[in-house]
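Q: Here it is, the structure, as structure tokens.
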Amino acid sequence: MTPPGTGPLDDARLELWAPAGLGEVRPGDDLAALVGDLLAADAARSGVPLAEGDVVVVTSKIVSKAEGRVVAAADREQAITDETVRVVATRARPGGPPLRIVENRLGLVMAAAGVDASNTPEGTVLLLPVDPDASARALRAAWRARFGLERLAVVVTDTAGRPWRDGVTDVAIGAAGLRVVDDLRGGLDAHGRPLTVTVTAVADEIAAASELVRGKTSGRAVAVVRGAGRFVLGGTGPDGDGPGARTLVRTGPDDLFREGTAEAYARGLADGRAAAGTAPGRDG
């Protein structure tokens, strides 16, 4: 494994491409075979086959469809409620249901719990995969065997908004065969000063970059990223598959924004009263 903070990406160059021609994915489809055929056809057409160190990026939408995560839901709001573990924030919208930012069962905080009503049959919605890391591991195993590659990574993406930033971007919700973060702590910056807090979200950066060639309306749900090979793992089992994208979810004491203002105020008031020895409900 590359020591932290050493070396650029392979030749400091990234290449990305998104093959066309996948077609509609339906529940029960063998996604590994469908995408494998797409990648093989693209290699035959372009003369550029998959290589060691490549990352194959797939959208969660096609993973969910293949895994049968299309559910009948005349009311999308109820589907969002069913997928919600914790409500983070809501905002009223004139003429429509409220915007809900929630934590879903995968630990992801996003709008509408990741429930998608686009590009699905009328009266249905699309839920996120049950276990995106497991989905990525299965795809990686199939493609490593098919293409005879030792070092191949898979990233499953979904689109998410970001606090304090306009616009959406793709993030990694599943990963296999990849060091999902590059922990630079313990290394040195360009001026020889020690790095103490820098941990780069490699999987998210790959997910976001892939969207630039896939697009939102082009029908291209698969991309190949080449040049990030120093983050790609080889072999099988936990060491070969890596920690997965679930480890990118910030939880517990590291989540500085878990509480809303009302909850934080109430807890701070209670803590202050306890420290002062004041009984609840009395002025301190």
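The values are calculated or read from the model by the stated rules, or taken from the named source; none is laboratory data. Quick caveat: nothing in here was measured; it's all calculated off a predicted structure. All Cβ positions, even for glycine, are placed from backbone atoms using ideal geometry, and neighbour counts span all protein chains on display.
Q: Tell me, which residue of the stretch 231-262 that is part of a loop (DSSP other than H, G, I, E, B) and at pLDDT below 90 is nearest to Trp143 (Cα to Cα)? Even if it seems obvious, please write down each step before you answer.
A: Filtering the stretch 231-262 for residues part of a loop (DSSP other than H, G, I, E, B) gives 233, 235-236, 242-244, 249-251, 255-260.
Adding the requirement that they be at pLDDT below 90 leaves 250-251, 255-260.
Details: Arg250: 30, Thr251: 32, Asp255: 36, Leu256: 39, Phe257: 39, Arg258: 39, Glu259: 42, Gly260: 44 Å.
The extreme case among them is Arg250.
Q: Sort through Val115, Val156, Val130, Val125 and tell me the only one that's under 19 Å from Asn104 (Cα atoms) and more than 19 Å from the chain's Cα centre (by Cα).
A: Working: Val115 fails: more than 19 Å from the chain's Cα centre (by Cα); Val156 fails: more than 19 Å from the chain's Cα centre (by Cα); Val130 fails: more than 19 Å from the chain's Cα centre (by Cα).
On inspection, the qualifying residue turns out to be Val125.
Q: Considering only the stretch 113-124, how many residues are on the phi > 0 side of the Ramachandran plot and either of a type in the set (S, T, N, Q) or at pLDDT below 90 (or both)?
A: Going through the stretch 113-124, the residues on the phi > 0 side of the Ramachandran plot turn out to be 113-114, 119, 123.
With either of a type in the set (S, T, N, Q) or at pLDDT below 90 (or both) added as a condition, the list becomes 119, 123.
The qualifying residues number 2.
Q: Same structure again: For the stretch 166-179, check the following and say yes or no: at least one residue is in contact (Cβ under 8 Å) with a residue 24 or more places away in the chain, over 15 Å from the mean Cα position of the chain (by Cα), within 28 Å of Gly107 (Cα to Cα) and assigned by TED's automatic domain parsing to the domain that holds Asp30. Walk me through how you get there before you give the answer.
A: Step one: list which residues in the stretch 166-179 are in contact (Cβ under 8 Å) with a residue 24 or more places away in the chain, which gives 169-179.
Right, trim to over 15 Å from the mean Cα position of the chain (by Cα) and you get none.
There is no residue in the stretch 166-179 that is in contact (Cβ under 8 Å) with a residue 24 or more places away in the chain, over 15 Å from the mean Cα position of the chain (by Cα), within 28 Å of Gly107 (Cα to Cα) and assigned by TED's automatic domain parsing to the domain that holds Asp30.
Q: Identify, please: which residue in the stretch 107-131 is surrounded by fewer than 23 Cβ atoms within 10 Å (Cβ to Cβ) and among the small types (Gly, Ala, Ser) and is, among those, nearest to Ala172 (Cα to Cα)?
A: Gly107
Q: Mind counting the residues in the stretch 51-75 that are within 18 Å of Thr159 (Cα to Cα) and of a type outside the set (Gly, Ala, Ser)?
A: Of the stretch 51-75, the ones within 18 Å of Thr159 (Cα to Cα) are 56-65, 69-70.
Next, from what is left, pick out any that are of a type outside the set (Gly, Ala, Ser): 56-59, 61-63, 65, 69-70.
Matching residues across the stretch 51-75 total 10.
Q: Could you please let me know if Ser210 is in the same structural domain as Ala172 (by TED's automatic domain parsing), among the polar types (S, T, N, Q), modelled with pLDDT of 95 or more and within 21 Å of the chain's Cα centre (by Cα)?
A: Spelling it out, Ser210 is indeed in the same structural domain as Ala172 (by TED's automatic domain parsing), among the polar types (S, T, N, Q), modelled with pLDDT of 95 or more and within 21 Å of the chain's Cα centre (by Cα).
Q: Have a look at Ala190, Ala207 and point out the one that is aliphatic (A, V, I, L, M) and closer than 23 Å to Pro132 by Cα.
A: Values: Ala190 fails: closer than 23 Å to Pro132 by Cα.
Of Ala190, Ala207, the one residue that is aliphatic (A, V, I, L, M) and closer than 23 Å to Pro132 by Cα is Ala207.
Q: Let me ask you something else. Specify which of the listed residues (Thr217, Thr236) is surrounded by fewer than 16 Cβ atoms within 10 Å (Cβ to Cβ), touching a residue at least 12 places away in the same chain (Cβ under 8 Å) and of a type in the set (S, T, N, Q). Write out each step before concluding.
A: Details: Thr217 fails: touching a residue at least 12 places away in the same chain (Cβ under 8 Å).
Checking each option against the conditions leaves just Thr236.
Q: What residue, of Ala32, Ala51, Ala74, is surrounded by 14 or more Cβ atoms within 10 Å (Cβ to Cβ), more than 18 Å from the chain's Cα centre (by Cα) and not in a helix (DSSP H, G or I)?
A: Values: Ala32 fails: not in a helix (DSSP H, G or I); Ala74 fails: surrounded by 14 or more Cβ atoms within 10 Å (Cβ to Cβ).
It is Ala51.
Q: OK, next. Checking the conditions here, which among Ala136, Ala145 is more than 18 Å from the chain's Cα centre (by Cα), closer than 24 Å to Val232 by Cα and not in a strand (DSSP E or B)? So that I can check it myself, show each step before the final result.
A: Values: Ala136 fails: more than 18 Å from the chain's Cα centre (by Cα).
The match here is Ala145.
Q: If a residue has to be loosely packed, with under 13 Cβ neighbours inside 10 Å and not in a loop (DSSP other than H, G, I, E, B) to count, how many in the stretch 162-187 make the cut? Let's see the steps before the verdict.
A: Of the stretch 162-187, the ones loosely packed, with under 13 Cβ neighbours inside 10 Å are 162-167, 185-186.
After this cut, where a residue has to be not in a loop (DSSP other than H, G, I, E, B) as well, the list is 162, 165-167.
Residues flagged as loosely packed, with under 13 Cβ neighbours inside 10 Å and not in a loop (DSSP other than H, G, I, E, B) within the stretch 162-187 amount to 4.
Q: Let me ask another. Go through (1) at pLDDT 95 or above; (2) in contact with a strand residue (DSSP E or B) (Cβ under 8 Å, 6 or more places away or on another chain) one by one and return the number of the condition Thr84 breaks.
A: (1)
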